[in-house]
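Comments concern the structure below.
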Amino acid sequence: MTIANIERQLTLDFSVPAICPPPNPKLADKLQKLAAAMDATIASKLNPSIGQQNITARRSRIASSIRQDGRRLQLIQSWLVGLADRHCNGTCPIQLAKISNRSHLEPLASVFHWQKEGAKSLEYLYTGFDRGHEIAQKLGAIGIYSANAALAAVELLEGLSNPAACQPNPIGERVDALRRKAIYQQVPDFFPTPGAIVTRMLQLANVQPYHRCLDPEGGAGNICLALRDLGVKHIDCFELNAGLVEALTLLGFPLLGRDFLSATPRPIYDRILMNPPFGKDAHIEHVRHAYDWLAPGGELVAVLPLEHPSRIKKRRQFSEWLDELGADRYPNPPKSFTSSDRYCAVETHLIHLCR
């Protein structure tokens, strides 16, 4: 069957017949138990252990594949629950009445994804029935003998539960992929801020929803997302790396520009939270420049490398400048950034400045 023919088939109206078998509490209980038994497997696949290791391109691909399998199982689980409810109250469509175990739903999960991908992917389904492939045999075991009947069954299953909720969020998937790529490509000075440190920064800055906030080095959005979770409406940022710029844009954070240091300061921000680059002492210029963006009464909290008294003139002058402004310093727990998505052994502390 050609793609054109498949596209015409997709316009067919699959109406839901009112015919339903009597309630079947025994089957309902079985399906419910099968669904519950999937919880641990789904949880392990959605959060694979390989995804917690130092990210490489290969590990990233493996973790993505495992998560995809987890979402597929999540979809099947939602169908099992929906079928159990319908068998319990006697409203299960007769076309689905022969489904009695998880394996019966596996081929229908494939049909579901092919349907979402469009006509070209559905070639597998129509060809399968035309030539008697394995999927046709599996679907025949539950009384489905044509591609159209398989599509109708999937529509009925979608009506039993909310499978759409089990599907990946395209924006979230893309942002996650861009983040992982930046890590395994070792984008210079990209070390995502660990959640515990972000929380401490928010507390030190006493951020309120009405504050106008700036993150001069947006990265993958850790700080910006935490600000949004607090209810902050006005969040601006800068980011140099093109992939991370895309990630921030997808997350809905407006970028004022790429290169923060080349931007002319506008002293309009109530709060600035930042994790600047440490390489070649770049954090010094970034903090000095960020201070000029603070509105009167504004506050700045930055993650900085923990340094001892230095003979290097640039570092010594920066430390003296912080002292003149009355900056408070708060050491972070040892090895805080070893829990970052990208391992970093540099010891850090937080500085808190008020204008």
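The values are calculated or read from the model by the stated rules, or taken from the named source; none is laboratory data. Since this is a predicted model, take the numbers as computed values, not measurements. Note that each Cβ is placed from the backbone with ideal geometry, even for glycine, and that neighbours are counted across all protein chains shown. To get the accessible areas, we keep the full protein, side chains included, count just its heavy atoms, and leave off ligands, DNA and RNA. Shrake-Rupley method; radii C 1.70, N 1.55, O 1.52, S 1.80 Å.
What net charge is computed for the residues neighbouring PRO93, neighbours being all others with C-beta under 13 Å from the C-beta of PRO93, Lys and Arg scored +1, Asp and Glu -1? Working shown, then result.
On the way: positive: ARG86, LYS98; negative: ASP85, GLU155, GLU158.
So the surrounding residues net to -1.
For GLY128, what charge total do you get from the other residues with a beta carbon under 13 Å from its beta carbon, if Lys and Arg give +1 and Asp and Glu give -1? That works out to -1. When the Cα positions of HIS133, CYS354, CYS213 are compared along the charge dipole of the chain, HIS133 comes out farthest toward the positive end, with charges on each C-beta of Lys, Arg, Asp and Glu.
Please sort 272-278, 97-103, 283-289 by packing, taking for each peptide the average over its residues of neighbouring beta carbons within 10 angstrom, highest first.
Numbers: 272-278: 23.4, 97-103: 15.9, 283-289: 18.6.
In descending order of packing, they fall as 272-278, 283-289, 97-103.
Before I look further, what does region 213-269 give for accessible area per residue, probe 1.4 Å, in whole square angstrom? Mind dumping the intermediate values first?
Values: 2380 Å² over 57 residues.
Using a 1.4 Å probe on heavy atoms only, each residue of region 213-269 averages 42 Å².
Of the chymotrypsin sites (Phe, Trp or Tyr not before Pro) in region 293-355, the ones in a loop by DSSP (not H, G, I, E or B) with at most 14 other beta carbons within 10 Å are TYR343.
Computed from Cα positions, the angle between helix 170-184 and the longest principal axis of the chain comes to roughly 50 degrees.
Expressed as a rounded percentage, what relative contact order does region 117-246 have, with Cα pairs under 8 Å and six or more residues apart?
Numbers: 96 pairs, mean separation 23.5, N = 130.
Relative CO of region 117-246 lands at 18 percent.
When the pairs LYS26/LYS138; LYS181/LYS314; LYS45/LYS116; LYS30/LYS138 are compared against a 27 Å limit on Cα-Cα distance, LYS181/LYS314 fall above it.
Roughly to the nearest percent, how much of the accessible area of region 241-320 is carbon and sulfur, given a 1.4 Å probe?
Values: 2050 of 3870 Å².
Using a 1.4 Å probe with all protein chains present, region 241-320 comes out at 53 percent carbon and sulfur.
Placing R0 at 35 angstrom, the Cβ-Cβ distance between HIS349 and ASP69 gives a FRET efficiency of 0.25 after rounding to 0.05.
If you stretched the chain out fully between THR91 and ILE312, how much longer would it get, using 0.36 nm times the residue separation minus the C-alpha to C-alpha distance?
71.8 nm
Rounded to the nearest 10 degrees, the inclination of helix 147-160 to the longest alpha-carbon principal axis of the chain is 60 degrees. Under 19 Å Cα-Cα from LYS313, which aspartates and glutamates qualify once same-chain neighbours fewer than 8 residues away are excluded? Excluding near neighbours in sequence, the set is ASP281, GLU285, ASP323, GLU324.
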